[in-house]
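Each remark here refers to the structure printed beneath this line.
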Amino acid sequence: MKPQSVKQTVWVMLFIITASALYARQNQVSVVVNDDNVTKKNPVISQTNDSSTVPTAFFNLKLKNCDAETGTMINDGIRKQLQDIKYLNLVSPDEMIRVLDKKDITSCSEKDCAIKLGRKLKAQRAIVGSITKEIRATKEEMGKEGEYKYIYEVKTHEMYVIRIELIDVPEKGILTQLSEKSKKNEIHKSIDSLMVKIQGYFKPVKPKAPPKLTPWLSLSGSCMVPFGTFRNIIDAGGGVTLDIGLKHFFVPNTYCKVTGSYYFISHNMGSIKQFRSAQVSFMGGYSFPLPKGFSITPSIGAGCHIHYIRDYEVADKILGHRIQRTYIDPLIAIKCEGSYEVYKGLHLILTPGYTMFFENNTMGSYMNIDLGMKYEFEIPDSKDNQSEMAR
């Protein structure tokens, strides 16, 4: 193998390993974990850069048939109480004005708008909603005794309905929808009630537990396309690949695996009647998660080929040295697995790869493509096992 090719291979290996390690460290974050009694149906985990609080943006509630004076009183009351909620870091009005247009601030009252502007403010949560004044007519007795208790009069009452949505900005979802209704002189009670409910969605920031070591197994059909000198001996090959590995091996999303392949080779030399090849290698890589259950996992490793050739006299003339009937060659392999999770723990995988193997001063190479299934085994926590035994 030429010294220049060796150098290029080494540089590629170092680049993949270094880039994966840096990416892994940058993606270690803290999370906010809600108590089970708050989000039993859909617990939400939010990222935050602060070690103890959740940055939250409050957009003034939209007024519907409500006078500006009452609306300002309610919005100011809500903002003041939000500042007192523990673990809630309220984005200040000055910061909102500095980052956003005034028109955006005053007109934002829906989820999509809150998510868009919340991202600009680097907020993890946002609060939007409305204040609606309703006029209610009721019949009331004019008296308790005598003829007046049979006479009714119609009286009107102003009722204020405060509706609030708490938005999870990173997850683009609604954590909760709350509403309170009261007379004008009891609005402060409605605000108090809303703040008590909202407070339940802001809990202490807990460090994210590192992902558990996950064993996995995959089985794929594989095809081989040779290059260079190797192509003078064979046309193509097909076989199977079996991988056994561990995910989250070093840092989150890193993995290692032992891979083995066996190929039936289609040869193009008349004197070769049978050619079989087996590959065993140890590889490591990093899995980059993508939206909607997809992921990409580049990996690199080394191992050996075990070749078996029957009636191989002509091969000696091509490669220029004596070939054993069964021989072993060291190899370097680079692969990139594309994965889609079709069911919890079960993945459909497509893995192109490139392999170089060395026989004295001669190098052979080929490309392979694997298509198959992978299953990740979930290891239960010891606490879960104790709970099951207690039951």
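The values are calculated or read from the model by the stated rules, or taken from the named source; none is laboratory data. Remember, predicted model here, so these are calculated numbers, not experimental data. Counting neighbours? That spans all protein chains shown, and the Cβs are built from the backbone with ideal geometry, glycine included.
Structural remarks
- Residue in the range 224-232 that is farther than 30 Å from K133 by Cβ, part of a loop (DSSP other than H, G, I, E, B) and touching a Pro at 6+ places or on another chain (Cβ under 9 Å) present: no
- Residues of the range 96-120 satisfying the condition of being over 22 Å from the mean Cα position of the chain (by Cα) and more than 21 Å from L63 (Cβ to Cβ): R98, V99
- Any hit, the range 186-200, residues being in contact with a Phe, Trp or Tyr (Cβ under 9 Å, 6 or more places away or on another chain) and under 30 Å from P352 (Cα atoms): no
- Checklist (1) assigned to a helix (DSSP H, G or I); (2) at pLDDT 90 or above; (3) more than 22 Å from the chain's Cα centre (by Cα); (4) not aromatic (F, W, Y) applied to N185, failing item: (2)
- Filter result for S266 (over 20 Å from the mean Cα position of the chain (by Cα), part of a loop (DSSP other than H, G, I, E, B) and at pLDDT below 85): no
- Residue within the range 72-79 that is modelled with pLDDT under 90, under 28 Å from G200 (Cβ atoms), under 43 Å from the mean Cα position of the chain (by Cα) and surrounded by fewer than 18 Cβ atoms within 10 Å (Cβ to Cβ) present: no
- Filtered residues of the range 249-263 (kept if in a loop (DSSP other than H, G, I, E, B) and either polar (S, T, N, Q) or crowded, with 16+ Cβ neighbours inside 10 Å (or both)): F249, V251, P252, N253
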